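Undergrad: Can you read through this structure? Questions will come right after.
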Amino acid sequence: MKDRFNLYRFASPATFYPLAGRLIPWFTALAVIFGLAGLWIGMLVAPTDFQQGEGYRIIFIHVPASWMSMFIYLVMAFWAAIGLAFNTRLSGMMAQALAPTGALMAFISLWTGALWGKPMWGAWWVWDARLTSELILLFLYIGYMALTAAIDDVRRADKAGGLMLLVGVVNVPIIYFSVKWWNTLHQGSSINLTKSSMATTMLWGMLLMALCFWMYSIAVALVRARSIMLERERHTDWAKALLTGDEK
Amino acid sequence: MLKIVTAVISRDLKLAMRRQADIVSALFFFIIVVSLFPLGIGPEPDLLRKLAPGVLWVAALLATMLSLPRLFADDHRDGTLEQLALSPYPLGLVVTGKVIAHWLVSGLPLALIAPVLGIQFDLSVDALLVLTGAILLGTPALSGIGAIGAALTLGLRGGGVLLSLLVLPLYIPVLIFGAGAVDATVAGLGGEGHLSLLAALTFASLGFAPWATAAALKIALE
């Protein structure tokens, strides 16, 4: 009973703000530790791929970024659903705080994909189903951010953005499959990621990097959520007390 | 229940008929955009035949976008929208009526003029028939999905550009299957599969989009 009570207590910005402040250093530290370990394994320990040479090592950045870009969209849609269903203030703030990180991840994924594609496929960009749907995901992030930025009333921005996220989540599978069929109908898939049973060290490197990206995203989202909270709650007593220097 | 849908449709059509210039300008936008492509690419019939489905469909998406901001804006400005939201009928049904009316004045004319433009691109008779059918089947989905965007951006500054940012990514499946149907016909594969998927998209969006639009309108009217 007490646990339940405690969990809901943090749905209020006044209580969540200090909690987020205490959590951020931990997630930052974890991100650094996982990142260093992952990069060490990925760059130094993992064996050179017999087909792709050293160039394959970019997957230690590319794959975690792609995972995060998709996962963050789902998390945002989750917060949007909570926000629309229960009318909680914090949910919209979390969705907005996550959006730039998600867009960044989608961009990194496309960018590193292009860097990998040039030596491997001989082209910066091919209209492959995965590349195309990642690009569309980036468009969806940008649309969400543009919509919330254009609405001055923050409550309306949260709700409208939340609805947009839910519509997007319903559409993502439709878009993915239509792009996939479009690709296979237009031309035979000329690219095959020959996943020749990945070595265990590579898998470890990738998992550690994924954890690093995960921790980084949480830390950055919390920092951003804190500033959104301060901005929106600046009229309240606790925010005023914080801003005038009574910081704990 | 059906009465409110037909009432909204006939009201919106009456309003549209009093401002026919709006319909005609969107239609001419479509014609002009399509005509620009041969000028930019060159007049080789083989190339044009290959590009025609994509060009016509992209132009159709843009022409639909053009008329979307007005879907709710006028009613919002003079307060009609609030009265409609207060009426005892579900707002989703009202939106369904408005979406159908929007399709009748924006999607249907595109489908009627498309075969003429297709001839300019040297399409065969079969391909022209499939093109018309695909545009007839696909444009209601464009009106339906677009209504969500129009409701979300209601009354915002820079609403038109924002609307295209939100809605165009969601139009991609319609574009793919619409253009794909014509492509498959030109290639001799038969476009029935694409047309079925297009019809599925249209029915799904006409079924679900009005309710999402109604939710968005309620947010905007708060």
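The values are calculated or read from the model by the stated rules, or taken from the named source; none is laboratory data. This is a predicted model, so every value here is computed, not measured. Cβ: placed from backbone, ideal geometry, glycine included. Neighbour counts: every protein chain shown.
Undergrad: Which members of segment B:155-181 meet the condition of being more than 18 Å from the chain's Cα centre (by Cα) and more than 9 Å from chain A (Cβ to nearest Cβ)? Quick ask: steps written out before the conclusion?
TA: Initially, segment B:155-181 is screened for residues more than 18 Å from the chain's Cα centre (by Cα), giving B:155-158.
B:Gly155 - this is the single residue of segment B:155-181 that is more than 18 Å from the chain's Cα centre (by Cα) and more than 9 Å from chain A (Cβ to nearest Cβ).
Undergrad: If a residue must be within 16 Å of B:Leu104 (Cα to Cα) and crowded, with 16+ Cβ neighbours inside 10 Å, how many such residues does segment B:1-10 contain? Spell out how you get there, then give the answer.
TA: As a first pass, look at segment B:1-10 and keep what is within 16 Å of B:Leu104 (Cα to Cα): B:5-10.
Now narrow it down to the ones that are crowded, with 16+ Cβ neighbours inside 10 Å: B:5, B:8-9.
Of the residues in segment B:1-10, 3 are within 16 Å of B:Leu104 (Cα to Cα) and crowded, with 16+ Cβ neighbours inside 10 Å.
Undergrad: If you check B:Leu81, B:Leu61, B:Leu117, which single one turns out to be surrounded by 19 or more Cβ atoms within 10 Å (Cβ to Cβ), within 19 Å of B:Gly155 (Cα to Cα) and in contact (Cβ under 8 Å) with a residue 12 or more places away in the chain?
TA: On the way: B:Leu61 fails: within 19 Å of B:Gly155 (Cα to Cα); B:Leu117 fails: within 19 Å of B:Gly155 (Cα to Cα).
None of the other options fit; the residue is B:Leu81.
Undergrad: Find all pairs meeting these conditions: Cβ atoms under 8 angstrom apart; at least six residues apart or on different chains; first residue within segment B:7-35 and of a type in the set (Ser, Thr, Tyr); second residue surrounded by 13 or more Cβ atoms within 10 Å (Cβ to Cβ) and assigned to a helix (DSSP H, G or I).
TA: B:Ser35/B:Leu117; B:Ser35/B:Gln120
Undergrad: Show me the helices (runs of 4 or more DSSP H) found entirely inside segment A:1-96 where at least 2 residues are modelled with pLDDT of 85 or more. Give the steps one after another, and end with the answer.
TA: On the way: elements: A:2-9, A:13-40, A:59-86.
Correct list: A:13-40, A:59-86.
Undergrad: Which number in (1) over 30 Å from A:Trp204 (Cβ atoms); (2) modelled with pLDDT under 90 marks the one condition that A:Gly162 misses?
TA: (2)
Undergrad: Looking at segment A:167-180, is at least one residue assigned to a loop (DSSP other than H, G, I, E, B), at pLDDT below 90, more than 9 Å from every other protein chain (Cβ to nearest Cβ) and surrounded by fewer than 19 Cβ atoms within 10 Å (Cβ to Cβ)? If you could, list the steps in order and put the result at the bottom.
TA: Filtering segment A:167-180 for residues assigned to a loop (DSSP other than H, G, I, E, B) gives none.
Checked segment A:167-180: no residue is assigned to a loop (DSSP other than H, G, I, E, B), at pLDDT below 90, more than 9 Å from every other protein chain (Cβ to nearest Cβ) and surrounded by fewer than 19 Cβ atoms within 10 Å (Cβ to Cβ).
Undergrad: Out of the residues in segment B:182-222 meeting the condition of being surrounded by fewer than 21 Cβ atoms within 10 Å (Cβ to Cβ) and of a type in the set (Asp, Glu), tell me which one is nearest to the other protein chains (Cβ to nearest Cβ).
TA: Across segment B:182-222, the extreme among qualifying residues is B:Glu222.
Undergrad: Let me ask something else about it. Can you name the condition, by its number, that A:Ile59 falls short on among (1) under 19 Å from A:Leu207 (Cα atoms); (2) aliphatic (A, V, I, L, M); (3) surrounded by fewer than 22 Cβ atoms within 10 Å (Cβ to Cβ); (4) over 10 Å from the mean Cα position of the chain (by Cα)?
TA: So the condition that A:Ile59 fails would be (3).
Undergrad: Okay, moving on. Can you go through B:Asp122, B:Asp183 and tell me which one is in contact (Cβ under 8 Å) with a residue 12 or more places away in the chain, touching a helix residue (DSSP H, G or I) at 6+ places or on another chain (Cβ under 8 Å) and at positive phi? Talk me through it step by step, then tell me what you get.
TA: Details: B:Asp183 fails: at positive phi.
None of the other options fit; the residue is B:Asp122.
Undergrad: Which one of these is in contact (Cβ under 8 Å) with a residue 40 or more places away in the chain and either touching an Asp or Glu at 6+ places or on another chain (Cβ under 7 Å) or within 11 Å of chain A (Cβ to nearest Cβ) (or both): B:Gly149, B:Gly144?
TA: On the way: B:Gly144 fails: either touching an Asp or Glu at 6+ places or on another chain (Cβ under 7 Å) or within 11 Å of chain A (Cβ to nearest Cβ) (or both).
From the options B:Gly149, B:Gly144, the qualifying one is B:Gly149.
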